[in-house]
Amino acid sequence: MSKKIVTPGIDFYQRNTRFKWVVLAVSILISAGSIYYTKILVDQLKGRERQQVHLYAKAIEYTAKEQDPYSDVNFIAQELLFQNKSIPIILADGNGNVLSSRNLFIDSTWSENRTKSFLKKEMDLMRETYEPITVTLRDPQTNEVFGTQYIYYKNSSLLTQIIAYPYIQLSVIAIFGFIAYMAFNYSKAAEQNRVWVGLAKETAHQLGTPLSSLMAWVEVIREDADMREKGVVEELEKDIQKLRIVTERFSSIGSTPTLKQENVVALIHNVVNYLRPRVSSKIKIEVYTLSESIIANVHAPLFEWVIENLCKNAVDAMGNSGVIAIKILRGSENKVFIDVSDTGKGIPRSKLETVFRPGFTTKKRGWGLGLTLAKRIIDTYHNGKIFVKASEENQGTTFRISINAVTH
Ligand SMILES: Nc1ncnc2c1ncn2[C@@H]1O[C@H](COP(=O)(O)OP(=O)(O)OP(=O)(O)O)[C@@H](O)[C@H]1O
Ligand SMILES: [Mg+2]
């Protein structure tokens with residue numbers, strides 16, 4: 001069982017994720033609601049348009065019956081025919097020959113054939129959308145049926161627009177929401193960056209004063225023969241050196257560090273030599289490389305810090321004994337890979353990304369900052385990548401750093 005996560009940081013992330021789900025659920029509800037409501041409107045409009053076409057059919061039937069062109073019936077029928085200015089309609093006979101059409105765009109420069117084939121195509125399309133409405137023509141005197149015509153129709157452009165409207169509207173809102181979210185995230189990240197940088201600079205600055213006074217005190221102690229004999233000065237100088245490195249790391253992370261061509265293998269040996277006497281003798285640290293000189297553009301103090309962080313995590317993951325293997329490889333495409341493997345407890349699959357988040361720790365005395373710093377140093381300052389290459393529960397973990405090599 002992994003230990004309970006102790007810092008408040010992780011709680012914030014969980015709440016943040018839950019909040020995102022709530023926002024997503026509400027957005028889906030709003031979208032579904034607006035699409036559903038538009039569908040109700042569209043159905044009503046469709047019914048109304050169909051009714052209008054029926055009326056149109058009736059008008060034609062009346063016109064056929066009424067002989068007197070000046071009769072009231074004929075006048076109303078004509079009115080109805082011309083009232084329809086939006087629903088595209090084709091009137092055809094029983095054999096599918098187009099008799100007339102309304103509200104379809106026909107260019108006056110088109111040849112007769114082109115118009116015909118256009119209308120035919122439209123008619124086929126209309127047949128697929130709606131069942132045509134039958135117009136029965138009767139003789140006014142005998143009331144005998146002397147012909148049947150069919151009215152084909154499709155949605156008016158207004159209706160088509162209303163159908164499309166919610167989708168267009170929701171897409172626009174979604175795009176806007178996405179841009180706003182990205183901008184918000186960016187400004188949040190920028191703000192966090194400023195806090196990081198400010199804090200690091202301030203720490204380096206604060207450490208500077210006691211450090212220089214410590215150096216002066218060492219000189220005073222050096223004068224004392226008694227102290228010299230006990231080796232106090234050497235020990236003090238070592239600690240001061242370490243403090244100086246820490247100060248340098250903080251001040252480097254607080255400004256944009258300049259990269260230099262360095263031998264990565266030598267830097268890693270430095271870290272290993274520093275760590276070896278400080279970890280349990282049952283923990284072996286091994287370095288594997290095919291070449292003793294692999295050059296990359298790095299900032300030495302920060303790069304060493306990353307390796308140190310990875311090794312410290314590896315030690316924590318292994319407990320009393322185990323092996324840390326550091327492999328340095330010259331990969332293809334001008335990359336240098338540094339794989340730091342341990343034989344520790346491993347990282348659960350679900351946490352492979354989370355371990356890099358600030359505040360995520362499973363340790364009682366952890367800050368959950370080691371990997372965040374490592375990621376920042378590698379990603380931002382070295383234009384490289386750091387990720388968990390492999391991890392197996394109770395077998396071990398391999399972190400991979402990939403940075404750009406310098407070619408000669
Ligand atoms: N090699 C590893 N094996 C197993 N778990 C690891 C390993 N490296 C990191 N982790 C997990 O990732 C978490 C975060 O690591 P990170 O270095 O960022 O913080 P930390 O070590 O907990 O605290 P600190 O800020 O002191 O480094 C650890 O608490 C641990 O659970
Ligand atoms: Mg750590």
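The values are calculated or read from the model by the stated rules, or taken from the named source; none is laboratory data. Source: prediction; values computed, not measured. All Cβ positions, even for glycine, are placed from backbone atoms using ideal geometry, and neighbour counts span all protein chains on display.
Quick notes
- Qualifying positions in the stretch 306-327 - within 32 Å of the chain's Cα centre (by Cα) and away from ligand 1 (no atom under 11 Å from the Cβ): I307
- For T148: the one exception among (1) under 30 Å from L91 (Cα atoms); (2) part of a helix (DSSP H, G or I): (2)
- Residue among K154, K188, K201, K120 that alone is surrounded by 10 or more Cβ atoms within 10 Å (Cβ to Cβ) and in contact with a strand residue (DSSP E or B) (Cβ under 8 Å, 6 or more places away or on another chain): K120
- Test: G344 is part of a loop (DSSP other than H, G, I, E, B), in the same structural domain as S291 (by TED's automatic domain parsing), within 6 Å of ligand 1 (Cβ to nearest atom) and in contact (Cβ under 8 Å) with a residue 60 or more places away in the chain: no
- For the stretch 358-405, the tally of residues that are in contact with a helix residue (DSSP H, G or I) (Cβ under 7 Å, 6 or more places away or on another chain) and among the basic types (K, R) stands at 3.
- The lone exception for N155 - which of (1) in a helix (DSSP H, G or I); (2) modelled with pLDDT of 90 or more it fails: (1)
- Scanning the stretch 311-325 for residues that are closer than 30 Å to V406 by Cβ and within 16 Å of ligand 2 (Cβ to nearest atom) turns up C311, K312, N313, A314, I324.
- Subset of the stretch 373-385 that is among the hydrophobic types (A, V, I, L, M, F, W, C) and more than 13 Å from ligand 2 (Cβ to nearest atom) - its residue that is farthest from S255 (Cα to Cα): I378
- I133 vs. criteria in contact with a strand residue (DSSP E or B) (Cβ under 6 Å, 6 or more places away or on another chain), of a type in the set (V, I, T) and either surrounded by 12 or more Cβ atoms within 10 Å (Cβ to Cβ) or farther than 25 Å from G33 by Cβ (or both): yes
- So G370, is it surrounded by 21 or more Cβ atoms within 10 Å (Cβ to Cβ) and within 15 Å of ligand 2 (Cβ to nearest atom): yes
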